[in-house]
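Colleague: Attaching a single structure in structure tokens format; questions to follow.
Derivation of every value follows stated rules applied to the coordinates shown; laboratory data play no part. In this text the structure is predicted, and so the values were computed from the model without any measurement. All Cβ positions, glycine included, derive from the backbone under ideal geometry; neighbour counts span all protein chains shown.
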Amino acid sequence: MNGDANGFMRLALGEALAAARRGEIPVGAVIVVASTGEILAQSGNRVEELSDPSAHAEMLAMREAAARLGTPRLVGCDLYVTLEPCPMCAALAGFARLRQVCFGAYDVKGGGVEHGPRIFEQPTCHHRPRVIGGIHEQRCGRLLRAFFARRR
């Protein structure tokens, strides 16, 4: 993990906070060109706003980054996301050929990387990015727990 990982995760946390203010589950994501640190895209969840069950922060950020690069593959790019990606987003990270997936809080119930189906460990997975979990894990987890506590 390079020294900028903490900074990129802080940007993702900012996106997560903005998502929470919009009434969305507070997850934020940032896509970065690994070699230069250039930020290609950043987003927070927009599922409710767009009435789109696929509008997860990671999905939106990967779509924007691919459009910006003009290619469906994000080779040499890293994803920073505040929550362990779900199976859908993990599968997309593999299809996008991301170099690395870095996440904050682990998701025992809905995760698809370290929990659940463990997408990158499946024999049908054609690309396995490097995975680093637990970056700002406490901050990311607190944000999610506070959001759901308010909704109960």
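Colleague: Could you give the dipole magnitude of the stretch 1-131 about its Cα centre, charging the beta-carbon of Lys and Arg +1 and that of Asp and Glu -1, in debye to the nearest 20?
Modeller: Dipole of the stretch 1-131, to the nearest 20 debye: 260 debye.
Colleague: What are the ³J(HN,Hα) couplings of the stretch 6-19, residue after residue, when phi is run through the Karplus curve with 6.51, -1.76, 1.60 and θ = phi - 60°? Round to Hz, x for glycine and proline.
Modeller: Per residue, the Karplus-derived 3J(HN,Hα) values read 5, x, 5, 5, 5, 4, 4, 5, x, 5, 5, 4, 5, 4 Hz.
Colleague: Just need the relative contact order of the chain here, percent rounded to a whole number, with Cα pairs under 8 Å and 6+ apart.
Modeller: 20
Colleague: Under unit Cβ charges (Lys, Arg +1; Asp, Glu -1), what dipole magnitude, rounded to 20 debye, does the stretch 80-152 have relative to its Cα centre?
Modeller: For the stretch 80-152, the charge dipole is close to 300 debye.
Colleague: DSSP loop GluC sites (Glu not before Pro) in the stretch 1-53 with at most 15 other Cβ atoms within 10 Å of their Cβ, which ones?
Modeller: Sparse-neighbourhood loop GluC sites (Glu not before Pro): E38.
Colleague: Could you check the spin-label model distance between V108 and H127? Points 7 Å from the Cα along Cα→Cβ, value in nm.
Modeller: 3.3
Colleague: Among I135, I119, I39, whose mean-square fluctuation peaks in a Gaussian network model of the chain (Cα, cutoff 10 Å)?
Modeller: I39
Colleague: Taking 2.2 N^0.38 Å as the expected size of a compact globular protein, what ratio does the Cα radius of gyration of the chain give against it, to two decimals?
Modeller: Rg over 2.2 N^0.38 Å, computed on Cα atoms: 0.95.
Colleague: After finding the eigenvalues of the alpha carbon gyration tensor for the stretch 78-152, what semi-axes result from the square roots of 5 times each, listed largest first in whole Å?
Modeller: Semi-axis lengths for the stretch 78-152 are 24, 13, 9 Å.
Colleague: Turning to a different aspect of this structure: If you project the alpha carbons of the stretch 1-71 onto their three principal axes, what span does each projection cover, largest first, in Å?
Modeller: On the principal axes, the stretch 1-71 reaches 35, 27, 14 Å in Cα extent.
Colleague: Loop only by DSSP, 15 or fewer other Cβ within 10 Å of the Cβ. Give me the trypsin sites (Lys or Arg not before Pro) in the stretch 1-48 that pass, ordered by residue number.
Modeller: For trypsin sites (Lys or Arg not before Pro) across the stretch 1-48 that sit outside H, G, I, E and B with at most 15 neighbouring Cβ atoms in 10 Å, the list reads R22.
Colleague: Residues with amide H under 5 Å of L98's amide H, sequence separation 5 or more or different chain, H placed in the peptide plane at 1.01 Å from N; which?
Modeller: L74
Colleague: So what's the back-of-envelope 222 nm ellipticity for the chain, counting only DSSP H runs of four-plus at -39500 (n - 2.57) apiece and dividing by all residues, rounded to 500?
Modeller: After summing the helix terms and dividing by the residues of the chain, the value is -11500 deg cm²/dmol.
Colleague: Hey, another quick one. For the chain, find the longest principal axis of its Cα atoms and tell me its angle to the long axis of helix 137-151, 0 to 90°, nearest 10.
Modeller: 40
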